[in-house]
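One structure below.
The values are calculated or read from the model by the stated rules, or taken from the named source; none is laboratory data. Being a predicted model, the structure only gives us computed values, none of them experimental. FYI the Cβ positions are ideal-geometry reconstructions off the backbone, even for glycines, and counts take in every protein chain you see. Please note that ligands, DNA and RNA were not included when accessible areas were found on the heavy atoms of the full protein model with its side chains. Shrake-Rupley method; radii C 1.70, N 1.55, O 1.52, S 1.80 Å.
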Amino acid sequence: MRDLLEKKFFPYVIKPGRYAGGEPGQIIKDPEGRTNYLHAYPDKYELGMSYVGLQTLYHIINNDNRFLCERAFAVDRDAEEIMRRENIPLFALESSRPMSAFDAVGFTLVEETVYTNVLAMLDLGGIPLRSKARTDQHPLIMAGGPAVYNPEPLAPFIDLFYIGDGEEGLPEILSVLYETRRHPRVARLEAICRRVESVYIPAFYNDHHKPTVDFAPDVIKPRVVVELKPEYYPAKPLLPLIEIVHDHLGVEIMRGCPQGCRFCMAGPIYRPVRWRCKEDIIRQVDTQISHTGYGAVSLLSLSTSDYPDIDSLATTLGRRLVPQRISLTLPSLRPGSISPDLLDAVSQVRRGGLTIAPEAGTERLRLFIRKSFPDIAIYDTARLAFERGWTRIKLYFIIGLPTETEEDLLGIANVCRNIHQISRKFRGKASINVTLSPFIPKPHTPFQWDECFPEDVIYERIRFVKRHARLSQVHFKHHSTQMSMLLCILGRGDRLLADVIESAYRSGCRFDSWSEDFDFDKWLAAFEKHHIDPLTLMQAIPFSQELPWSHIRRRVSVERLKAERNRTSGQLKTFTPYHVAVGESDEGDHVGQPAFGRGKKRVVTRSSVAPTKNRVRIRWGKTARCRYMSHLDNLRLMERAIRRARLPVAYSLGYNPTMKLSFGPPLPLGFTSSAEYVDITLQTNLMPYMIQNLMATMPEGTVLYDAKAVLGKSASLSSALNRAVYTLPLEAWDRLDELKAAIEKLLSSESLEFERSGKEQSKLVDIRPPIYEVHTEDDELIMVLGLGDGGYVRPTEVLHFLRQGLRYDIVALPLHRREMYRLQKDGRKTDPMEL
C-alpha cells in the first residue's frame, strides 16, 4: 500500500505532508492480537492536529498494550479525486493500512459542518454509509465530541455514539471489543451497551429515540471524568512536520466554565468545572517543550482568565519560558478578569493580538445572556492592554441574540468607538478588529427553543452596526450567515435530516466550515429534494414540543432550562445599569479626550553581552520520512530542534524576535537530501557539547552530518553555492540503452527550450547552459546542475528530456540531492563547510 501511495498519490496532491505521517511522537505497533482503533478527524490535517483532545486520546489508547490507535483525517478535494481515480482507499497515517482493516473507527465531531466529511471518509474507506448495511466484516463506526449531544441527524450512519469525556469511556469500549473480538457485530454492540455507560446505539432505539430492547437505557447521561489526571497528557506529543492552524503547544488548564452563559453549549456539556493543579501544568509544559521545541505555549480552557491562580501560573511559566524565547499566549479573555501581572507575563517574548469577548453591546443584554460585567470593565481591560504596549485588540460580539434591540446594536458601535478613543491616548497606531457572529440556538442551553434569524435580518443588523462605527482603525468582519443557518438547522435537527446530509454529500458538499468550500446552494437543493423547508427549522420551538436530544440528559433538566428561559424574560423589567455611561460623567479622566502630539521616541534595547558573532554551519539531510516537508517546514523543524537542544542562539530585535538562521538553497518538495546547510548565529562561543545536544534532538528522518564554526564574514550560503549534484536510481528506466542515447542527445544540444510555469504565467527558457554534467555511475543517474551565479535548472526539467522509458511519472521519482559546492573560476571545488 505504501509503495502505491508513493507512486500514485503523494507526488500528485497539493500538500502530501497532510497524509504522509512519520511525525515525531507517532506510535507504531504490530496490529496482530490487538484491538485496532482508527481515530478519524473529519476535517483537514491542519485543524485536526491542532485539537488537543486527539493527542490525549491517542496517548491514552496506545498506552494500553491491548490496543493500537492510528489516525486518519478528511482528505482535501484534490486528494479525493486522485484516490477515487486510482482506487486508493482511505488509509491510516501510521501504517498506510485501509480504514476497513480496523476493528473500530471513532470520529471526533466538533461541530455539525463536518457531517458530509464523515460520509466522504466512510465512502473512501469502502464502508457502507448506513449502519444497517454493514456486516461483521466492517469496523464499528463510533462518534464522540461536542456535536453528539444531539446525535439524531447522524444516527442512521453511526453504530455507536459515546457522550461525554472520553479519557475513561473510550478505553472501556475498546476493552469490550478486545474481549468480544470473535463475536458477531450485534453481540458486540449489546455487550458495550450493557457494560459501558454514556453510550447511545441508534440500532437499539426507534425513530423517536425510545429503546426497543430492555438493556438499552431510556436516558443517556454523559460521562464526566472527576479529575484531569497528569497521565492523560503525553510527555511526547505528536509533532506535525508541516504547519498547522494552531502551531503551538496547547495545554489544558481546566475543563468547564464557571460563568454559565445562557447562549453557550460548551458550558453545560463540560460541567462541572475541574481545575488542574498548577504544579502539574508547569511540569507538563516543561516536559512537552523539551520534546517538541515549540516557540509558543497556549493555556487552554473555556475561560482561561477564570482559572483561580492564573496570575501566579502565568508569571511562573513566563519566568521559565522567557530565557528560551518561548512566548505565552491566552485565548479570548473575559473583561474585568485581566490583571497587569497577567498581561506582563504573556508579553515578555512577543506580543500578538489580545481578544476580548463582550458578546453583547449593552449591559442589559449582557445581563440577559449571563455575561454580568459592566461597560467599564471592557474599557478598563482595553486601557490596560494599551498601557502595556498592545496595539491590536480583537472584539467578539454576537448578533441576533434573543431580545436584541436597536439600542443593543448601537451599544456595539459605542463600545468600538470608545475603545478607539482610549487607544488614541497611547502611542502607536492601534488596530481594533471586530468579529460579529450570528446567534445560533444550541441544544442543552436555555436558548435552545429560540429563533435563529434568517440571513436578510442578520445582514441588516450587521450593516447597521458598521454604519454607526465608521472609523479608520476599526475593522469589521463577520461569520457566514448561511453557515450559521446550517449550523442551527443541523444542530437542532432529527433523523429526518440524515437523507438531506447524504444528498448534500453526494452533490459535492465537503468542508462546510471552510468559506472557500462552503456551497449553501447545494444544501438548499438537498432540502428541496426531500421537501424540507430550512426556514421552518430555524423558527422558535414551542416548549411543548419534544426535542430530538431529549434522551441525552445533562446535569440540568429540561424543566430547569425552561424555568431559566422564562426567568430571563423578567429581567427585562428589572434591569438596573451598573454605572453612568462612559463620557457622561463630569469628573475623572474622559475616554473621549485624545492625547495629541508625538509620543516619545522609542529606544531599542540592546543586548549587554559582548558581540561575539559566532556562527556555526550545519550540514544535515533528510530521508524519505521527511521528504514531503517544504522549505518553511524545514525551517520550523530546525528551530524546534535548536530549542530542544537549548542552543544559545541569537535572536533578532523587536516585538517579534526570530532566530538568526540562514539556510542554503531550498530543496524541492518530495526530494531527499544529504547536503542541506544552515548557518546558526550563536550568542556565545561554540562548544562541542552543543553539537552533540543538537544531534540528539534532530527528529527521526533527519541526519546531522557535520558542524563547524564559521570565522569572519562570508557570503550567504545561497549566493556562495553554484553547483548541485542530484542522483536517481537507474531502475526508474526500463531500457538503459534508451537513457544513454537520450543523455548523449541532451549534452550535444546547444539549447534546450523548456516551458517553465510561474505563479501567473509560463515562459520559454533555455535550460541547457546550467546543465554541466549528466552521466550514469554504478546504479545511479548523476546530474550536476547550476545554482546561483552558475545558472538555474530544476532536475525535473532535465528529466523531461530523458523521460523516454521511465517507469513512473517524473514527479513520482525518488530524486536525491547528494552534494552542493562552489566551483571556482580556476576550477577548484570548494565544499560549503570550507567557505
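Summary table below
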{"item": "Separation between Cα centres of region 398-477 and region 626-688, rounded to whole Å", "result": "43 Å"}
{"item": "Rounded accessible area of ASP533 (nearest 10 Å², 1.4 Å probe)", "result": "80 Å²"}
{"item": "Expected-Rg normalisation [2.2 N^0.38 Å, Cα atoms] applied to region 116-164", "result": "1.10"}
{"item": "Check: the chain dipole with +1 on Lys, Arg Cβ and -1 on Asp, Glu Cβ, in debye", "result": "2620 debye"}
{"item": "Solvent-accessible surface ranking, highest first, for VAL811, VAL415 at 1.4 angstrom", "result": "VAL811, VAL415"}
{"item": "Estimated vicinal HN-Hα couplings, Hz - region 737-743 in sequence order (Karplus 6.51, -1.76, 1.60; Gly, Pro = x)", "result": "5, 5, 5, 5, 5, 5, 5"}
{"item": "FRET efficiency, LYS660 to ASP280 (Cβ-Cβ, R0 35 Å, nearest 0.05)", "result": "0.50"}
{"item": "Cα-based convex hull, region 418-462, per residue volume (Å³, whole number)", "result": "124 Å³"}
{"item": "Rounded if a/c under 1.5, otherwise prolate or oblate - region 444-556, Cα gyration tensor axes", "result": "oblate"}
{"item": "Distant alpha-carbon pairs in region 52-204 (separation over 20 angstrom), percent", "result": "48 percent"}
{"item": "Under Karplus coefficients 6.51, -1.76 and 1.60, residue-wise ³J(HN,Hα) of region 229-244 in Hz, glycine/proline x", "result": "6, x, 6, 5, 9, x, 5, 10, x, 4, 10, x, 8, 10, 5, 10"}
{"item": "Heavy-atom SASA rank of MET99, MET265 (probe 1.4 Å, accessible area, largest first)", "result": "MET265, MET99"}
{"item": "Region 737-819 - Rg over Rh from alpha carbon coordinates, Kirkwood radius", "result": "0.95"}
{"item": "Accessible area of the chain belonging to carbon and sulfur atoms, whole % at 1.4 Å probe", "result": "49 percent"}
{"item": "Of all DSSP beta bridges in region 93-207, antiparallel share, percent nearest 5", "result": "20 percent"}
{"item": "DSSP beta bridges in the chain [antiparallel fraction, %, rounded to 5]", "result": "55 percent"}
{"item": "Total formal charge among the other residues, if their Cβ is under 9 angstrom from that of LYS29, Lys/Arg +1 and Asp/Glu -1", "result": "-2"}
{"item": "Those trypsin sites (Lys or Arg not before Pro) in region 665-742 that DSSP places in a loop and that have at most 15 other beta carbons within 10 Å", "result": "LYS713, ARG735"}
{"item": "Taking only Cα atoms of region 122-196, radius of gyration then Dmax in Å", "result": "12.4, 32"}
{"item": "Solvent-accessible heavy-atom area per residue, rounded to whole Å², over the chain at 1.4 Å", "result": "44 Å²"}
{"item": "Listed residue (ILE27, TYR45, ASN63) projecting farthest to the positive dipole end of region 1-113, Cβ model", "result": "ILE27"}
{"item": "Within-13-Å neighbourhood charge of TYR149 [Cβ basis; K, R +1; D, E -1]", "result": "+4"}
{"item": "Length released on extending from ASN693 to LYS708, taking residue separation times 0.36 nm less the Cα-Cα span", "result": "3.9 nm"}
{"item": "Over region 29-68: Rg over Rh, Cα atoms, Kirkwood Rh", "result": "1.03"}
{"item": "Student exercise, region 327-367 dipole from Lys, Arg, Asp, Glu Cβ charges, in Debye to nearest 20", "result": "120 debye"}
{"item": "Unmatched cysteines, the chain - criterion: no other Cβ of a Cys under 4.7 angstrom", "result": "CYS69, CYS193, CYS257, CYS277, CYS416, CYS509, CYS626"}
{"item": "Kirkwood hydrodynamic radius over Cα pairs of the chain, then Stokes diffusion coefficient at 20 °C and 1.002 mPa s, in µm²/s", "result": "71 µm²/s"}
{"item": "Kirkwood-Stokes translational diffusion coefficient of region 495-548, alpha-carbon pairs, 37 °C, 0.692 mPa s, µm²/s", "result": "265 µm²/s"}
{"item": "q = 0.14 Å⁻¹, region 782-832: log10 I(q)/I(0) [Debye, one scatterer per Cα]", "result": "-0.47"}
{"item": "Efficiency of FRET from Cβ geometry, GLN324 and GLU231, R₀ 25 Å, rounded to 0.05", "result": "0.45"}
{"item": "Accessible surface, 1.4 Å probe, highest first, among residues LYS7, LYS529", "result": "LYS529, LYS7"}
{"item": "Simple label model, 7 Å out from Cα along Cβ direction - ARG2 to SER719, nm", "result": "4.3 nm"}
{"item": "Helix axis angle, 631-645 relative to the chain longest principal axis, alpha carbon, degrees", "result": "80 degrees"}
{"item": "Nearest-ten-degree value, helix 278-292 long axis tilted from longest Cα axis of the chain", "result": "30 degrees"}
{"item": "Mean Cα-pair separation over length for the chain, i.e. relative contact order, pairs under 8 Å, 6 or more apart, %", "result": "10 percent"}
{"item": "Using alpha-carbon coordinates, inclination of helix 77-86 to the longest axis of the chain, degrees", "result": "60 degrees"}
{"item": "Region 694-835: projected area of the alpha-carbon convex hull, averaged over directions, in nm²", "result": "11.6 nm²"}
{"item": "Alpha-carbon spread of region 268-333, three principal axes, descending order, Å", "result": "38, 21, 19"}
{"item": "FRET efficiency estimate (nearest 0.05) - Cβ-Cβ, LYS29 to GLU834, R0 45 angstrom", "result": "0.50"}
{"item": "Estimated Rh, region 235-389: Kirkwood, alpha-carbon pairs, angstrom", "result": "16.6 Å"}
{"item": "Nearest-10 value in Å² for the accessible area of VAL224, using the 1.4 Å probe", "result": "40 Å²"}
{"item": "Those aspartates and glutamates that a straight Cα-Cα span of less than 17 Å connects to LYS477, excepting residues fewer than 8 apart in one chain", "result": "GLU359, GLU455, ASP456, GLU460, GLU516"}
{"item": "Rounded accessible area of TRP523 (nearest 10 Å², 1.4 Å probe)", "result": "0 Å²"}
{"item": "Per residue convex hull volume, Cα atoms of region 160-264, in Å³", "result": "204 Å³"}
{"item": "Radius of gyration, Dmax [region 354-468; alpha carbons; angstrom]", "result": "14.7, 47"}
